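Each reported figure results from applying straightforward, stated rules to the coordinates on display, with no laboratory input. Predicted, not measured: the structure shown is a model, and the values here were computed from it. Note: ideal-geometry Cβ built from the backbone for every residue, glycine included; neighbour counts use all protein chains shown.
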Amino acid sequence: MTTTVQSVEHLHARPAWDCLVCNQPWPCANAKTNLLSEFRGFPSVLAIYLNGQMYDALHDLTSHGELTPADLYERFISWARVN
Ligand SMILES: [Zn+2]
């Protein structure tokens with residue numbers, strides 16, 4: 001998905017999935033803020049997008065036989081749920 005964000009974009013670096021800008025596990029706080037703003041009004045689209053990102057991350061993070069990170073759902077999905 002392309003964006004029109006003109007400020008520095010907080011994107012993940014594969015395969016580590018840390019933010020390119022702040023080196024925090026992606027999505028970092030800034031990325032979350034940007035995503036919530038970008039997908040405002042389209043929470044189901046955001047959920048689908050984040051699901052795809054989570055499975056990409058799961059694939060990358062376990063591609064050398066590592067255990068599945070336990071917090072992926074919290075990290076990628078749960079913060080974006082609308083209440
Ligand atoms: Zn960041």
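Sorted from greatest to least, the principal axis extents spanned by the alpha carbons of the chain come out as 38, 28, 19 Å.
Measuring nothing but how far apart in sequence close Cα pairs (under 8 Å, 6+ apart) lie, relative to its length, the chain scores a relative contact order of 25 percent.
Full extension of the chain between residue 56 and residue 44 gives 2.5 nm of extra length, using 0.36 nm per residue less the Cα-Cα distance. In the chain, the longest principal axis of the Cα atoms and the axis of helix 29-38 are about 50 degrees apart.
Is the stretch 35-80 best put as rounded, prolate or oblate by its Cα gyration tensor, with a ≥ b ≥ c the root eigenvalues, rounded for a/c under 1.5, and otherwise prolate when a/b is larger than b/c, oblate when not? Prolate shape, in that a/c is at least 1.5 and a/b is the bigger ratio. When +1 charges are put on Lys and Arg Cβ atoms and -1 charges on Asp and Glu Cβ atoms, the dipole computed for the chain relative to its Cα centre reaches about 260 debye. Taking the C-alpha atoms only, the angle from helix 43-61 to the longest principal axis of the chain is near 20 degrees. Placing a label point 7 Å from the Cα of residue 78 along the Cα-to-Cβ line, the residues of the stretch 48-69 whose backbone N sits under 20 Å from it are 48-59, 67-69.
Rounded to the nearest 500, what is the 222 nm mean residue ellipticity of the chain from helices alone, with -39500 (n - 2.57) per DSSP H run of 4+ residues and division by all residues?
-12500 deg cm²/dmol
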